[in-house]
Amino acid sequence: MFSSAIDPEAPTRGARLLPAGVTWDNFVTVIDDGGFGAYLRNSIVVAVGAVVFSSVLALLAAVAVSRFRFRFRKAILVLVLMVQMVPLEALVIPLFLQMRTLGMLNSLLGLTIVYIAFSLSFAIWMLRGFVAAVPVELEEAAYLDGASWGRMFWKILLPLVAPGVVATSVFSFITAWNEFIFALTFLQQSAKYTVPIGLQKFFGENTTDWGAVMAASTLITLPVIVFFVLVQRNLSSGLTAGSVKG
């Protein structure tokens with residue numbers, strides 16, 4: 001992908017691995033003429049917002065269903081699981097009508113809220129395992145030592161489930177970063193486009209600017225790589241820490 005992005009002969013390069021030369025014209029075309037810098041900013045705002053709010057809400061919900069006993073607790077867990085079985089395509093029209101009623105079409109905030117809702121069911125179900133794996137005795141000992149529930153949550157529970165929060169945040173980030181259908185449906189002005197919609201601009205009806213496509217794809221990949229580098233230390237442990245209770 002990067003080799004094609006810097007290849008001056010990208011449209012005719014075939015299966016050659018190394019570029020015939022080096023040019024940055026494709027990146028200049030994508031950023032200056034294609035307005036891809038604005039698309040990247042929009043996607044970063046939406047993805048970061050979805051990650052932060054879905055992680056916080058999912059963690060609080062996971063603590064509630066794991067630590068407290070209340071009516072319909074199991075029913076709520078079943079409903080959370082069932083939400084993941086609904087095809088997202090089936091929700092496009094209902095959500096479009098709802099967003100239009102709320103006046104949130106062509107809004108990055110509205111799109112972020114939709115992504116938060118989609119991420120929550122998986123995040124709650126996954127974080128529930130991490131919270132359940134933390135021994136209740138740790139919290140009881142802190143309570144006996146005079147710690148408030150808020151201090152107990154912040155100082156004891158949160159550090160222990162942090163790998164799980166990282167693992168779920170990766171899922172939320174990738175979901176918000178790559179999603180295409182809802183972004184295409186809800187966003188109506190090019191200034192609000194995210195990167196998946198911006199990428200399609202370089203596909204013409206009869207021709208495709210493959211150099212620009214590969215340059216844009218490289219720019220789309222970079223934030224994901226940076227995000228993984230930042231969280232990779234906790235990611236591997238996070239993927240398995242909540243699988244068993246011990």
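The values are calculated or read from the model by the stated rules, or taken from the named source; none is laboratory data. None of the values given here were measured: they were computed from a predicted structure. For neighbour counting, all protein chains shown are included, and Cβ atoms are generated from backbone atoms with ideal geometry for every residue, glycine included. We work out accessible area using only protein heavy atoms, side chains counted, and drop any ligands, DNA or RNA first. Shrake-Rupley method; radii C 1.70, N 1.55, O 1.52, S 1.80 Å.
Below is a table of values for the structure above.
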| quantity | calculated |
| --- | --- |
| Gain on full stretching of the segment that runs from ARG73 to PHE180 - 0.36 nm per residue minus C-alpha separation | 35.1 nm |
| Where the chain is the region considered: accessible area per residue in Å², 1.4 Å probe | 56 Å² |
| Percentage relative contact order, the range 97-246, counting C-alpha pairs under 8 Å, at least six apart | 38 percent |
| Chymotrypsin sites (Phe, Trp or Tyr not before Pro), loop per DSSP, at most 12 other Cβ atoms within 10 Å - longest free stretch of the chain | 73-246 |
| Loop-resident sites, the range 70-148, for trypsin sites (Lys or Arg not before Pro), counting at most 14 other Cβ within 10 Å (DSSP) | ARG71 |
| The range 103-176: relative contact order as a whole-number percent, Cα under 8 Å and 6+ apart | 47 percent |
| Calculated FRET value between VAL226 and VAL28, using beta carbons and R₀ = 22 Å, to 0.05 | 0.50 |
| Efficiency of FRET between ARG151 and ALA64 - r from beta-carbon atoms, R0 30 angstrom, step 0.05 | 0.95 |
| 3J(HN,Hα) from dihedral phi, the range 141-153, Karplus parametrisation 6.51/-1.76/1.60, rounded to Hz, x for glycine, proline | 5, 5, 5, 5, 7, x, 6, 6, 5, x, 5, 4, 5 |
| Under 30 Å, Cα to Cα: Lys pairs in the chain, sequence gap 8 or more or different chains | 4 |
| Inter-probe distance in nm under a simple model that places probes 7 Å from Cα toward Cβ, at PHE2 and ARG41 | 2.6 nm |
| Listed residues GLU179, GLU140, GLU89 arranged by accessible area, highest first, probe 1.4 Å | GLU89, GLU140, GLU179 |
| 3J(HN,Hα) from dihedral phi, the range 168-174, Karplus parametrisation 6.51/-1.76/1.60, rounded to Hz, x for glycine, proline | 6, 5, 4, 4, 5, 5, 5 |
| Rounded percent of accessible protein surface that carbon and sulfur make up, the chain, 1.4 Å probe | 67 percent |
| Förster radius 30 Å - calculated FRET efficiency between ALA191 and LEU17 (Cβ-Cβ, nearest 0.05) | 0.20 |
| Accessible-area ranking of ILE156, ILE197, largest first, probe 1.4 Å | ILE156, ILE197 |
| Charge tally in the Cβ shell below 15 Å around GLY35, where Lys, Arg are +1 and Asp, Glu are -1, GLY35 excluded | 0 |
| Accessible-area value, ILE76, 1.4 Å probe, nucleic acids and ligands omitted, Å² | 70 Å² |
| Rounded accessible area of MET85 (nearest 10 Å², 1.4 Å probe) | 130 Å² |
